[in-house]
1. Just a yes or no: is a residue in the stretch 114-130 closer than 30 Å to G155 by Cα, at pLDDT below 95 and not in a loop (DSSP other than H, G, I, E, B)?
2. State yes or no: is A261 of a type outside the set (F, W, Y) and either surrounded by 14 or more Cβ atoms within 10 Å (Cβ to Cβ) or outside the structural domain of D292 (by TED's automatic domain parsing) (or both)?
3. Quick check on the stretch 64-71. Is at least one of its residues under 30 Å from A538 (Cα atoms), surrounded by 15 or more Cβ atoms within 10 Å (Cβ to Cβ) and of a type in the set (G, A, S)?
4. How many residues, within the stretch 177-196, are crowded, with 23+ Cβ neighbours inside 10 Å and more than 18 Å from G484 (Cα to Cα)?
5. Which helices (runs of 4 or more DSSP H) sit wholly inside the stretch 176-293 and have at least 1 residues that are at pLDDT below 95 and closer than 30 Å to Y315 by Cα?
6. Select from the stretch 464-488 the residues that are in a loop (DSSP other than H, G, I, E, B) and touching a residue at least 60 places away in the same chain (Cβ under 8 Å) and write down the one among them that is surrounded by the most Cβ atoms within 10 Å (Cβ to Cβ).
7. So, Q225, is that one more than 25 Å from the chain's Cα centre (by Cα), more than 30 Å from L551 (Cβ to Cβ), surrounded by fewer than 19 Cβ atoms within 10 Å (Cβ to Cβ) and of a type in the set (S, T, N, Q) or not?
8. F229 - would you say it is in contact (Cβ under 8 Å) with a residue 60 or more places away in the chain and of a type in the set (F, W, Y)?
Amino acid sequence: MVRGLCGPGIVTLVGLLSTAGCSSPAPSKPAPMSAATSIRLSQVEAIPTTVGAPEEILVTFDEPLDGTTVAGNVRLLAARPGGQWVADPPIDVAWSATRPTEVRVRSRSGSRLPQGEEFHLVVGTGIRSATGQALPEDLSGYFATDYDLVLGADGVPALGGERKAIFTISDIHLGDSRAVALGYGWTVKNRADLATFLGLVRQSPNVKELVIAGDLLDEWVAPMQVRPFPAGTDEAGFVDDVARTNGDVFGALRALIGGGAVRVTYVPGNHDMLARSADISRILPGIFQARDAQGLGAYVPADHPQYVFEHGHRYDFFSSPDPISNRNITRTDSILPPGFFVSKIASSHDAETNRAPGALLSGTQDAGLAEYGLYWVAWQAILLDRPVTEKHDVPVIETGIDGYEKTYAIDDLVPQLTLGGLDVVLYQGIESSWYDRQEANRVQVPVPKEMATAAAALGPLIDAEAGIQYFWNVASDKRVVVFGHTHESRVVPSFNLRLQGTVYANSGTWVDRWSGYPTMTFVVIFPPREGRVLTSVATYRYRPGLPPEKLDSAAFPE
């Protein structure tokens, strides 16, 4: 058999003579090892991943290890103030010939890792495989441990008896006696569970504050033919009726406030924007209220100035207070936005049967091409989604609230096509006055009307305002923002302009049902404990008779 020209003998000769055309194949270089951990790690110290405090961390390699190289090459460090990282708690690193691809990292005490702390795990390149291979670089990342939340007298074990936690609930939507008796109220079934939840909050040794982030009462949800306030009753009488009708909830709130250990703070929402401070104080003596404009409030705790709590309707075209559009009609300092009328139409839709599917409005209009064009498109979407049996030109929407006295037709709200273009009866100039409305409502960063209009239907657009108004605003130093309004419980970690970790949370709702989302939800903020750096934020769902279900969490170091 004839060998090829580059056979062994020829290769030697070629190597000596440097003859072109013959070369020796280079020996293949083994691929470096790889490894994975049993918990998710973040590569960013400012936004660690969050996990339940583990009993151990398993590091799994793709090759059997040389066990003599494991010791000293795995470190677990905990964050401390001043940017320090310390080996606390002390750990044991275990390797066994019976499971040669695994390294187990455990607290030397045998207990779970401490809760409410940030850790840095480093698996070094000094670890070798049985064949001498190493990791291409350190396996390194950051994680934070969640608290075990226990409601009631047992409290949060990791906090001992220290009062640190700030709870937030919102969107309770408690109606008056008619809402309960006639069945159109949003929160009826869940009232007893809410009262029980509030009692457990009162018993907890670790709760410092409860924030009610809007829509405690509901003045908007009622069918079109139902007056917001019963005949002969005013705003104050309505508030008193809500408190009487929902006596178990208000009794639990009064007991919580009266106990003195937990501060209770109320921020207005859109469905209760007309509830006056004096009326809230009358039904809930001793409650603290945060208000900064008519129908609005943003609460910043004195001892945590980097936290802020709002309802979120400030950035919603249909729900933010409107102190401009209709004052020539009401002759008062009215602020009711068009969302009030939308809610009444939606309530009629929910109560009706045998209605036809929604139909397109007469005429056509492209958004943005004329005054009221965008507003017309929004109404088109509303009436397609929430059709009613009543004809649009028949006055059926009862008012008697905030200076409104007439009975209005849907067509009084929807822009109508005229020879001069689109025109409206109610909310004249609502598009052109949007930026003036935002100024009156103390919006820090103006929201384009297109985004604010879409936000009425898309909860994530309201959530996005947390970043726009607070995290990416050069004038803001906020690092935790909590909204309600959307009824969609959510936690979103991110950065601010200083590249610090931030967390946005939405507290969801306590209404009886909300399609696609859990109800009876709440937010808990755990500020850093003494000698620690981690702020933790989590959403939970209350489950009667069971521990709360954690829905999501995020954290950042101070």
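The values are calculated or read from the model by the stated rules, or taken from the named source; none is laboratory data. Predicted model, so just to flag it, every value in this text is computed and none were measured. Every residue, glycine as well, gets a Cβ built from its backbone with ideal geometry; the counts of neighbours run over all protein chains shown.
1. Taking the stretch 114-130 first, the residues closer than 30 Å to G155 by Cα are 114-121.
Now restrict to residues that are at pLDDT below 95: none.
No: the stretch 114-130 contains no residue that is closer than 30 Å to G155 by Cα, at pLDDT below 95 and not in a loop (DSSP other than H, G, I, E, B).
2. no
3. No, every residue in the stretch 64-71 fails to be under 30 Å from A538 (Cα atoms), surrounded by 15 or more Cβ atoms within 10 Å (Cβ to Cβ) and of a type in the set (G, A, S).
4. Matching residues across the stretch 177-196 total 2.
5. 235-245
6. G484
7. When the stated conditions are applied, Q225 passes them.
8. Judged against the criteria, F229 is a match.
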